[in-house]
Amino acid sequence: MNIWGWDLLAFSDLLLLRKNLKALLEVPYFNAGIYAYITDLLEAIDYCTENFGDLDPKVVRGVSDLVWSSYTYISNSNTKEIPYELEYLLQSSLSEFVDLDSIIITAFTNNKMMFHFYNANVISGIQELLPQISLKSVDTHIIQVAMPKFYSRNAIYMIPMYHELGHFMDRLYNISEVMLLNSDSSLIDYMNLPEEFNNLSPKQKIYILKNHLAEYFCDTFAACFVGETITDFLAEIGASDYDSETHPATFKRKTHIENFLLGIDTPITQSVSDTVALMGMKPLARYFEEPNVSTPLTEAITVQAANRREVHGLLVSYWKYLKEVYSTVSLHEYSKEFNISNDLIVKSIRNYSIREKWENVNSNA
């Protein structure tokens, strides 16, 4: 095989990807869905390497790029660096609305405030590039989200991840697009965009409106599971308090979340509600209950959550507790309470998930 320069790099990338993906199949942590997913990626790599000289170089590079993008996420999830509890919370919130064959894969970022959702269906993309092979997980929804590694062992920082899961729901159902298609002047006026918005081209206006509506939907989705706690993280994570091309001003988002939780109708809350109903989804509402955490904290024991809603509510209750503690104790004491709280959240979620599995096994026995 005669390959030079760019072709050689593409071939070398595939060899490196195969080596690293095969190593992931040998780690102690086993997830049947992830195993099948990696097996599909390896099949695509093997086909490309075995038929390298006969394939269009653009196809090979396209496959390589898709596998690389996925490897960033799957290498973390498969080596247990991402807490199992995060995956459980996100999967259980997803199941409130849809019954999907899905895998949540999480990557780390180095930016301490970079939480995001990666919008790419890797297996479907590879299947389109290589229609001559048949990939088994092509119908599996791969949900790729990312969070700062800095926070990966602090359970309270799972709160913003509900917003990122909202972006998957938005893509799955085209929520923001439908909101925009059904929008009228009252909705756009209520969004109160800066004066310069009126001077933009129609294409630019559509881009901004869709982005803002997507953020409002994702904030609503997150508030269903963690209530007003999401607003504290918005204030910290938001790059600016003002409107940008991609996000509404933070104070607007905070007001929207408060209106939603209080049941106050606005053009935005009504648009979200109408669109969700139109798409056949369950209504967006409170899917969390706040368990009492003061006694377990005093005794340093886990909370025995009564149901999934209380599992989500653990994050709300502990966050409220930490905010109260912060205003009344020394920084040293707060540090101690912060560490204990994060530890108890993780253990409480894990205990409930284990009990739930046992109950499911016994009910199907």
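Tell me the residue from Y207, Y190 that is surrounded by fewer than 18 Cβ atoms within 10 Å (Cβ to Cβ), at pLDDT 95 or above, within 18 Å of F251 (Cβ to Cβ) and not hydrophobic (A, V, I, L, M, F, W, C), please.
Y190 is the lone residue from the list that is surrounded by fewer than 18 Cβ atoms within 10 Å (Cβ to Cβ), at pLDDT 95 or above, within 18 Å of F251 (Cβ to Cβ) and not hydrophobic (A, V, I, L, M, F, W, C).
Cβ-Cβ below 8 Å, separation at least six or inter-chain, first residue in segment 98-121 and farther than 22 Å from A214 by Cα, second assigned to a loop (DSSP other than H, G, I, E, B) and open to solvent by 40 Å² or more (accessible area, probe 1.4 Å): which pairs?
D101/D139; F108/E81
Among the residues in segment 190-205, are any touching a His at 6+ places or on another chain (Cβ under 7 Å) and either part of a loop (DSSP other than H, G, I, E, B) or more than 24 Å from N111 (Cα to Cα) (or both)?
Yes: segment 190-205 contains one or more residues that are touching a His at 6+ places or on another chain (Cβ under 7 Å) and either part of a loop (DSSP other than H, G, I, E, B) or more than 24 Å from N111 (Cα to Cα) (or both).
Check V316 against each of (1) under 30 Å from I188 (Cβ atoms); (2) touching a Phe, Trp or Tyr at 6+ places or on another chain (Cβ under 7 Å) and name the one condition it does not meet.
Among (1) under 30 Å from I188 (Cβ atoms); (2) touching a Phe, Trp or Tyr at 6+ places or on another chain (Cβ under 7 Å), the lone unmet condition for V316 is (1).
Which of (1) open to solvent by less than 50 Å² (accessible area, probe 1.4 Å); (2) touching a helix residue (DSSP H, G or I) at 6+ places or on another chain (Cβ under 7 Å) does E164 not meet, given it meets every other one?
(2)
Which residue is least open to solvent (accessible area, probe 1.4 Å), if the candidates are limited to segment 245-268 and must be within 22 Å of the chain's Cα centre (by Cα) and among the hydroxyl-bearing types (S, T, Y)?
T250
Would you confirm whether or not segment 261-268 contains a residue that is free of Cβ contacts under 8 Å to residues at least 60 places away in the same chain, of a type in the set (V, I, T) and farther than 30 Å from V178 by Cα?
No, there is no match, as no residue in segment 261-268 is free of Cβ contacts under 8 Å to residues at least 60 places away in the same chain, of a type in the set (V, I, T) and farther than 30 Å from V178 by Cα.
Only helices (runs of 4 or more DSSP H) wholly contained in segment 285-365 count here; list those with 1 or more residues that are farther than 27 Å from F221 by Cα, acidic (D, E) and open to solvent by 40 Å² or more (accessible area, probe 1.4 Å).
It comes to 294-299, 331-364.
Could you look through segment 210-242, keep only residues that are crowded, with 18+ Cβ neighbours inside 10 Å and of a type in the set (S, T, N, Q), and pick out the one that is nearest to Y157 (Cα to Cα)?
T229
Going through segment 142-179 one residue at a time, which ones are farther than 22 Å from V272 by Cβ and not in a helix (DSSP H, G or I)?
I142, Q144, A146, M147, P148, S152, R153, N154
May I ask you to list pairs of residues, at least six apart or on different chains, whose Cβ atoms are under 7 Å apart, with the first in segment 220-243 being under 25 Å from L94 (Cα atoms) and the second being of a type in the set (S, T, N, Q) and open to solvent by less than 10 Å² (accessible area, probe 1.4 Å)?
F225/S93
Which of (1) open to solvent by less than 60 Å² (accessible area, probe 1.4 Å); (2) over 26 Å from the mean Cα position of the chain (by Cα); (3) at pLDDT below 85; (4) among the aromatic types (F, W, Y) does W4 not meet, given it meets every other one?
(1) is the only condition that W4 fails.
Out of segment 246-275, which residues are assigned to a helix (DSSP H, G or I), modelled with pLDDT of 95 or more and hydrophobic (A, V, I, L, M, F, W, C)?
Result: I257, F260, L261, L262, I268, V272.
The values are calculated or read from the model by the stated rules, or taken from the named source; none is laboratory data. Given the structure is predicted, the values throughout are model-derived calculations rather than measurements. Note that each Cβ is placed from the backbone with ideal geometry, even for glycine, and that neighbours are counted across all protein chains shown. The accessibility values were calculated without ligands, DNA or RNA, using every heavy atom of the protein model including side chains. Shrake-Rupley method; radii C 1.70, N 1.55, O 1.52, S 1.80 Å.
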